[in-house]
Amino acid sequence: MCKKIITKYTPRFNLESRRYIGCKAKLIDWIFGLIQQETHDANSFCDIFAGTGSVSNRAICLFDHVTINDFLYSNHVLYHAFFGVGEWNEEKILQMLNEFNAIDATQIPDNYFSINYGDKYFDYLSARKIGYVRDLIEERKTILSEKEYCVLIASLIYSIDRIANTLGHFEAYRKVKIVPQNLLIKLVDVRQCANVDIFQKDANKLAREIHTDIVYMDPPYNSRQYSRFYHVYEVLVKWDKPTLYSDAAKPKFTENNSDYCRTAALEAFTDLIAHIDTKFIVVSYNNTYKSKSSSSENKIKLEQIEEVLNNCGTTKVFTHKHQAFNAGKTDFDDHKEYLFITEVDNEKRNRSFAALLRGRQI
Ligand SMILES: C[S@@+](CC[C@H](N)C(=O)[O-])C[C@H]1O[C@@H](n2cnc3c(N)ncnc32)[C@H](O)[C@@H]1O
C-alpha cells in the first residue's frame with residue numbers, strides 16, 4: 001500500500017513529463033526561434049495536430065490567442081486539465097488523490113482494467129487499482145466540475161505512464177516478468193489559460209472553420225496510427241469498456257484513424273493547405289523515409305510537402321539533427337527534423353487550389 005501523502009507542495013507533472021511519439025518538447029527553442037525570425041504581425045497561433053500540447057504550451061506565452069486541437073480523446077482531456085478555464089477546488093482534488101493513493105489493491109475486486117491489462121501493460125495490482133480509481137472518478141462525475149474531472153483523469157494518465165510496462169506506447173507490452181510497482185497518483189500542473197480554445201476535431205474539418213495568423217502542423221509521418229499507439233489511454237478516458245482483442249488487448253479501431261498515416265496522406269495534406277485561412281503555415285516533418293522498417297517510412301515525401309506549400313506562397317526550409325523518441329529502437333540513421341515556413345499569398349493559393357476550393361478533387 002502507498003503511504004505517501006501528496007500536498008500542494010508535492011512537485012506536479014508538467015506537460016512534458018509524458019512519453020509520446022513525435023513530441024516536440026526538445027525542439028521547442030529551435031521551432032520558436034525560427035517562427036519568431038520568419039513571421040511578423042502574428043497575434044494568434046493554431047497547433048492543429050497538437051499531441052502532448054508541447055508546442056501550444058510555448059505558444060501560450062507568446063501569442064494573444066492559441067487554438068489547440070487533436071482528435072484523440074485522451075489528448076483532449078489533458079488540454080482541458082493543463083489549460084482549460086473552469087472552476088476547480090485544489091483541496092478537494094488533493095484529498096481525493098490521497099484517498100485513491102491509500103487504496104490497498106489487494107482488498108478491492110477485479111475490474112475491466114485489471115482483467116484486460118493486468119500483467120500485460122501494468123503489473124496486476126496496479127492495473128486493479130487503476131480500474132478501480134477510474135470507476136470512482138466516473139461515479140463522482142456529478143460532484144466534480146468539468147475541470148476537476150479532467151484534472152483527475154489527467155493526473156491518472158501521467159502517473160500510470162511512469163509505471164507502464166511498455167517502450168512508451170501501447171502498440172505492444174514488454175514480454176518480461178513484470179515487477180510490482182508502487183503507483184502514486186500525483187497532480188498535474190493545472191493552469192487556467194484564458195487565451196486558449198480547445199478542439200477535438202479532424203484537422204481538415206477544423207481548417208475550414210478557423211482563422212489564425214500562424215498555423216503549426218505536425219501531422220503523423222508514417223503508417224503508425226496514434227489511436228493504436230495510445231489505445232489504452234483512449235479506453236481509459238472514454239470508459240465505455242469495449243471488447244478488446246488479441247494478446248495486445250486492443251479495441252476495434254472504428255474512429256480516429258488518420259489519413260496522414262495512409263497512402264491518402266498527400267491528398268489530405270493538399271486539402272488542408274488549400275482550406276486553411278492563415279498568414280503563415282509552419283510544418284514539422286522528418287526524414288524517416290530512409291527508415292529500415294516499412295511502418296516508419298514517411299507517407300509524404302519532403303519534396304512533396306515543399307511543392308504543395310509552394311502553391312500558396314514562398315517557402316523556406318530549415319533542418320535540425322535530432323534523435324527522435326522512437327520507443328528505444330533506432331530504426332533509421334541520419335534522423336533530421338524539418339521545419340517548413342510559408343508566408344501565404346492568398347491570390348496564389350486561390351489560383352493554385354481553385355478546383356479543390358470549388359469542391360472538386362485535383
Ligand atoms: C506528430 S504528433 C504531434 C506531436 C506534437 N507536436 C507534440 O509535440 O506532442 C501528431 C498528432 O496528430 C494527431 N492526429 C493525427 N491525425 C489527425 C487528424 N486527422 N486530425 C487531428 N489530429 C490528428 C495524432 O493524434 C497525434 O497526436
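The values are calculated or read from the model by the stated rules, or taken from the named source; none is laboratory data. From a predicted model like this one, the values you see are computed outputs, not experimental measurements. Heads up, the Cβs are rebuilt from the backbone with ideal geometry, glycines too, and the neighbour counts pull from every protein chain shown.
Note on the range 14-50: residues that are part of a loop (DSSP other than H, G, I, E, B), among the hydroxyl-bearing types (Ser, Thr, Tyr) and over 22 Å from GLU171 (Cα atoms) total 1.
Quick one: is LYS147 assigned by TED's automatic domain parsing to the domain that holds GLU90, part of a helix (DSSP H, G or I) and not aliphatic (A, V, I, L, M)? Judged against the criteria, LYS147 is a match.
Yes/no per residue for (1) more than 30 Å from ILE5 (Cα to Cα); (2) buried (at least 20 other Cβ atoms within 10 Å of the Cβ):
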position: GLU38; (1), (2): yes, no
position: ASP47; (1), (2): yes, yes
position: GLY53; (1), (2): no, yes
position: ASP70; (1), (2): yes, yes
position: SER74; (1), (2): no, yes
position: VAL77; (1), (2): no, yes
position: GLU87; (1), (2): no, no
position: GLU99; (1), (2): no, no
position: THR106; (1), (2): no, no
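Just to be sure, is ARG128 in the same structural domain as LYS186 (by TED's automatic domain parsing), more than 16 Å from the ligand (Cβ to nearest atom) and buried (at least 19 other Cβ atoms within 10 Å of the Cβ)? Yes.
Restricting attention to the range 219-266, report how many residues are closer than 24 Å to GLY313 by Cα, in contact (Cβ under 8 Å) with a residue 24 or more places away in the chain and either within 13 Å of the ligand (Cβ to nearest atom) or within 16 Å of the chain's Cα centre (by Cα) (or both). So the count comes out to 5. Quick check: anything in the range 74-96 part of a loop (DSSP other than H, G, I, E, B) and within 16 Å of the ligand (Cβ to nearest atom)? There is at least one residue in the range 74-96 that is part of a loop (DSSP other than H, G, I, E, B) and within 16 Å of the ligand (Cβ to nearest atom).
When the range 25-51 is filtered for residues that are under 14 Å from TYR216 (Cα atoms) and within 10 Å of the ligand (Cβ to nearest atom), the ones remaining, listed by number, are LEU27, ILE28, ILE31, ASP47, ILE48, PHE49, ALA50, GLY51. Of the candidates LYS205, LYS201, the single residue that is part of a loop (DSSP other than H, G, I, E, B), at pLDDT 95 or above and within 16 Å of the ligand (Cβ to nearest atom) is LYS201. Of the numbered criteria (1) within 30 Å of ASP104 (Cα to Cα); (2) of a type in the set (A, V, I, L, M, F, W, C); (3) within 13 Å of the ligand (Cβ to nearest atom), the one ALA172 fails is (3). Just give me the residues in the range 188-206 being of a type in the set (A, V, I, L, M) and surrounded by fewer than 16 Cβ atoms within 10 Å (Cβ to Cβ), in sequence order. Within the range 188-206, just ALA194 meets the criteria.
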